[in-house]
Amino acid sequence: MLKKTFLIAFALCSAGFSYSQVKNKKGSPSPAKVLSGIDSIEVRNDFFAGLKEKTSGRSDQAEVYFKEVIKKDPLNDAALYELSNLYRAQQKDDLAEEYAKKATDANPDNKWYFLLLSDIYKQKQKIDKLPAVLDNLIRIDPDSQIYYLDKANAYVLLKKTKEAQLTYQAIETRFGPSADLETLKQRLVINQDDPLKAIASLKESIKKDPSNVSNYLAISELYIKTNAKYKALTVLKQAHEVDAQNPYVILLMADIYRSDGKDSEAFTELKKVISDPEVDIDIKMQIILSYFPKLKNPTSLTEATTLALLTTQMHPADPKGFAIFGDLQAQSDNFTGAKTAYKEALKLNKNVFQVWEQLLQIETAEGNYNAVIKDGEEALVLFPERSPLYLFTAIAYAGQNNHEKAIVNFLKAASIDPENAVYQSQVYASMANSLNSLKKYKESDAAFDKALQLDPINAFALNNYAYFLSLRDERLERAAEMSKQTNELQPENASFQDTYAWVLFKQKKYDDARIWMEKAIKNNKDNGVQLEHYGDILFHLKQEEQALENWIKAKELGVKSAILDKKINEKKYTD
């Protein structure tokens, strides 16, 4: 009756996203009743499921999952970010802006959230909002010149000449003088005039110095601004002849190709940028991230993965390339490749918590508990105050039936981040499972009560608590109430339906038990334990032949127990 939910996170090492729900690759029925510790992490499961649905092209269902996360954890910045991306892809710009803003409020130190908000403001032509966003990007990454330049450009577009001049001065102070910067200062003056006059002036500048690519870029941007993108493309091709490796020329050309639906041409240009070892890796990361809203398209996923792999080859000493490559491997369900990439990122920089977390989630999903314990203990040396590391390590110890060590780690996880009630509920529910396995029923019940006090609608806690009570024939009315509630929370969950059927069976309500067990079998027809229990119910309804048939099917599906063998041999129920 165990419903296994495999998890895989999908996150940039520098972004801290968390990602998708992974199916059990083996497709085999779960032999046990109790949901594993990882299944009890309800918020995480909803988030990972949402990412999986998004990648599969089911945006509506992804939205449901992400909103469920926000309902339980309003400050879950990763879910807010994903909702913003979904709405942006659906061209629901107002909602995209709302959720991107909430993501930056929830986590003001994540530059990827501000980059998304910046892109949305650009798309909505809310240029007046850009300087504040770019100030945050500069605060987070003060050595990235592109944010200063974007800020100056925003002021130029807003015709705030003084602010633009001050920004150019800040660039020169921090990064030193350059010919390009002088050209930008020139543009500031020119931009105050009519665009056509500015273009004519820039053309004169090109005649004087045809090697200065910034003038070509300035003209092309003015053409784009006046909706003359084909003229812009012509100028960019001229600039490309002057400097074939200039990334800004190539990026603008790719943008124009994309706007015309010429994705193949855009990809060709983008590969040129990625292939240039002189181009800053952060620019390359932004290019790859631009694919994320379109990853449900197999071509986009393939192109993004190709660019990420190329980035690792161009920057083999930078962990960011390997981290994003791992994320894209995970999106392709290549979890072995994702794990390899994350490990390579950690070789280069062990001090990135999010990469450790993603690696542990993959290893936990695989049931590779030895690896989880090894990597979890190593990560805890570096991050001793990160509660999820204790949680994953505890889950692994529980998976090895070392419940004493599991409980030690669950307690440590519970002692950190005490304000997060939903998360704490999940930790206590997982700890209750281990306590029950040690037959410490009083302590187990107390942990379940604590979990439900923190989160009264923790469906996994309700389900497990109900089942454990039914096994002990204790408080069956309470068990029935909790199990009924889980099915109201998640109506199509076969494991929850199975639990309710079993509680009803224990209450000798065999007709009702049959109805709920048939619902469970309909939703998960190849679960041997459910078929065994169905046989038990049918036997008590005086349908001995059908009961025997289901017991035999349960054995054929891999259920192994002396009690089942006795039922089959004696052709009667025994407990």
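Observations
- Residue in segment 49-82 that is most open to solvent (accessible area, probe 1.4 Å), counting only those that are under 17 Å from residue 455 (Cβ atoms) and either in contact with a Leu (Cβ under 6 Å, 6 or more places away or on another chain) or of a type outside the set (D, E, K, R) (or both): 75
- Subset tally (residues that are farther than 12 Å from residue 285 by Cα and open to solvent by 10 Å² or more (accessible area, probe 1.4 Å)) for segment 309-328: 4
- Residue in segment 483-490 that is more than 30 Å from residue 46 (Cα to Cα), of a type in the set (A, V, I, L, M, F, W, C) and open to solvent by 50 Å² or more (accessible area, probe 1.4 Å) present: no
- For segment 450-470, filtering for residues that are open to solvent by less than 10 Å² (accessible area, probe 1.4 Å) and in a loop (DSSP other than H, G, I, E, B) leaves 1.
- Criterion: within 21 Å of residue 158 (Cα to Cα) and open to solvent by 30 Å² or more (accessible area, probe 1.4 Å) - qualifying residue of 199, 224: 224
- Meeting the requirement of 2 or more residues that are closer than 30 Å to residue 455 by Cα, the helices (runs of 4 or more DSSP H) wholly within segment 477-575 are 494-506, 510-523, 528-540.
- Qualifying residue in segment 395-412 (condition: open to solvent by less than 20 Å² (accessible area, probe 1.4 Å), within 23 Å of the chain's Cα centre (by Cα) and among the aliphatic types (A, V, I, L, M)): yes
- Every condition in (1) touching a Lys or Arg at 6+ places or on another chain (Cβ under 7 Å); (2) among the aromatic types (Phe, Trp, Tyr); (3) over 19 Å from residue 428 (Cα atoms) is met by residue 467 except one, and the failing one is (3).
- Pairs meeting the criteria (first residue in segment 469-485 and more than 18 Å from residue 517 (Cβ to Cβ), second residue open to solvent by 10 Å² or more (accessible area, probe 1.4 Å) and not in a helix (DSSP H, G or I), beta carbons under 7 Å, at least 6 apart or on different chains) are 469/475.
- Checked against (1) under 19 Å from residue 249 (Cβ atoms); (2) surrounded by 22 or more Cβ atoms within 10 Å (Cβ to Cβ), residue 283 meets all criteria but (2).
- Filtered by the rule that a residue be of a type in the set (A, V, I, L, M, F, W, C) and modelled with pLDDT of 95 or more, segment 472-495 gives 476, 479, 480, 482.
Yes or no, residue by residue, for (1) surrounded by fewer than 16 Cβ atoms within 10 Å (Cβ to Cβ); (2) under 26 Å from residue 358 (Cβ atoms); (3) touching a Ser or Thr at 6+ places or on another chain (Cβ under 6 Å):
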{"residue": "385", "(1), (2), (3)": "yes, yes, no"}
{"residue": "391", "(1), (2), (3)": "no, yes, no"}
{"residue": "414", "(1), (2), (3)": "no, yes, no"}
{"residue": "425", "(1), (2), (3)": "no, yes, no"}
{"residue": "435", "(1), (2), (3)": "no, no, yes"}
{"residue": "448", "(1), (2), (3)": "no, no, no"}
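- So residue 368, is it open to solvent by 20 Å² or more (accessible area, probe 1.4 Å) and at pLDDT below 95: yes
- Of all residues making up segment 539-560, the number that are among the β-branched types (Val, Ile, Thr) and on the phi > 0 side of the Ramachandran plot: 0
- Qualifying residue in segment 119-134 (condition: in contact with a Pro (Cβ under 9 Å, 6 or more places away or on another chain) and surrounded by fewer than 20 Cβ atoms within 10 Å (Cβ to Cβ)): no
- Close pairs from segment 556-572: first within 16 Å of residue 539 (Cβ to Cβ), partner of a type in the set (Phe, Trp, Tyr), Cβ under 6 Å, at least 6 apart: 567/551; 568/551
- Single condition residue 95 does not satisfy, out of (1) in contact with a Phe, Trp or Tyr (Cβ under 9 Å, 6 or more places away or on another chain); (2) within 26 Å of residue 330 (Cα to Cα); (3) open to solvent by 10 Å² or more (accessible area, probe 1.4 Å): (2)
The values are calculated or read from the model by the stated rules, or taken from the named source; none is laboratory data. Source: prediction; values computed, not measured. When we count neighbours, we look across all protein chains shown, and the Cβ atoms used for this are built from the backbone with ideal geometry, even at glycine. These area figures cover heavy atoms from the full protein model, side chains too; ligands, DNA and RNA do not enter into them. Shrake-Rupley method; radii C 1.70, N 1.55, O 1.52, S 1.80 Å.
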